[in-house]
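Student: Structure below; questions to follow.
The values are calculated or read from the model by the stated rules, or taken from the named source; none is laboratory data. As the structure is a prediction and not an experimental result, all values here were calculated from the model. Cβ: placed from backbone, ideal geometry, glycine included. Neighbour counts: every protein chain shown. Note: accessible area is taken over every heavy atom of the protein model, side chains too, but ligands, DNA and RNA are not part of it. Shrake-Rupley method; radii C 1.70, N 1.55, O 1.52, S 1.80 Å.
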Amino acid sequence: ELVKMTTQHPGEWRALIAEIREIYDGRLTYAAHWYEEWRQIAFWDALDSVGIAAYFPLDAPIGATVDELVAAWGPHKQQLEAMHERTGLPIVFMEVGYRPVVDCHIEPWRHGGGEVSEAAQARAYDAMFIALGDEPWWRGAYVWKTFTDPSRGRGRAGGSDFVFRGTLAEAVFRRWYGGDASP
């Protein structure tokens, strides 16, 4: 998420990518900011996928159902698909996160505050997978914030911090990624 550097210096990024490819034969992407940066990157064609730190706000009421949240993904999904069509590249959410609070889908980037609700967090993640999971151009998401110690972070911010391990949301990820659905 280096907005000014990527949008103002695409030639330097192309040179860096070329240098990396000389010594690394794996797949490369960049994690662009969700707001505008991902649409402004001029060097996607030098990479293997469009990477987005995907904190897209969903225009749905507090307490929204999964169906309402899926519908709220509509405009974002259209933009993502248009990016895929423009670049020919798959799209990966290099970072996505919802805190376990009732309004987590409205400003998913927001830290702290809110009434704790694991169910709201789980619905937000489930809606993302339902809205995008069958799209051949979408390659999935890396969740923010994951600790190797499942208990780490659980008590922070009164239980409203970015965590998902041991919550209803973890079961959503397990189900969508083919693992056991129990938290």
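Student: Around Glu81, with a cut-off of 15 angstrom between Cβ atoms, what is the net charge of the other residues, counting Lys and Arg +1 and Asp and Glu -1? Spell out each step's value before the answer.
Tutor: Numbers: positive: Arg39, Lys77, Arg86, Arg139; negative: Glu85, Asp134, Glu135.
Computed value for this residue: +1.
Student: What are the principal axis extents of the Cα atoms in the chain, in Å, biggest first?
Tutor: So the extents along the principal axes, rounded to whole Å, are 46, 34, 32.
Student: Right, something else. May I ask you to give the solvent-accessible area per residue for the chain, in square angstrom, as obtained with a 1.4 angstrom probe?
Tutor: On the way: 9280 Å² over 183 residues.
On a per-residue basis, the chain sits at 51 Å².
Student: At a 1.4 Å probe, what is the % contribution of carbon and sulfur to the accessible area of region 1-63? Walk me through the numbers on the way to the answer.
Tutor: Numbers: 2020 of 3590 Å².
Carbon-and-sulfur percentage of accessible area, whole number: 56.
Student: Show Met94, Met83, Met5 ordered by accessible area, largest first, where the area counts protein heavy atoms only and the probe is 1.4 Å. Please list the in-between numbers first.
Tutor: Working: Met94 65, Met83 10, Met5 100 Å².
Largest accessible area first, the list is Met5, Met94, Met83.
Student: So, counting K/R as plus one and D/E as minus one, what does the shell of residues with Cβ under 11 Å around Val70 add up to? Intermediate values should be presented prior to the final figure.
Tutor: Values: positive: Lys77, Arg123; negative: Asp67, Glu68, Asp126.
Spelling it out: positives minus negatives among the neighbours equals -1.
Student: Further question on the same structure: Give me the tail of P(r) for region 1-99 as a percent: Cα-Cα pairs with distance above 23 Å.
Tutor: Values: 1530 of 4851 pairs.
That tail contains 32 percent of the Cα-Cα pairs.
Student: Going by amide H atoms built from the backbone, whose H comes under 5 Å of the H on His33, apart from near neighbours?
Tutor: Long-range HN contacts for His33: Leu2, Trp38, Ala53.
Student: Shape call for region 62-111 from the C-alpha gyration tensor, a ≥ b ≥ c root eigenvalues: rounded (a/c under 1.5), prolate (a/b greater than b/c) or oblate? The partial results should precede the final answer.
Tutor: Numbers: a/c = 3.35, a/b = 1.74, b/c = 1.92.
Judged from the Cα gyration tensor, region 62-111 comes out oblate (a/c at least 1.5, b/c at or above a/b).
Student: Same structure again: Quick one: compute the contact order of region 21-70, relative version, from alpha carbon pairs under 8 angstrom and 6+ residues apart, as a percent. Show your work: numbers first, answer last.
Tutor: Values: 40 pairs, mean separation 17.8, N = 50.
About 36 percent, as a whole number.
Student: Which residue, Gly97, Gly51, Gly74, tops the fluctuation ranking in a GNM of the chain built on C-alpha contacts under 10 Å?
Tutor: Evaluated over the chain, the most mobile residue of the options is Gly74.
Student: Taking the chain as a Gaussian network, where each spring joins two C-alpha atoms under 10 Å apart, which residue of Asp134, Asp59, Asp67 fluctuates the most?
Tutor: Evaluated over the chain, the most mobile residue of the options is Asp134.
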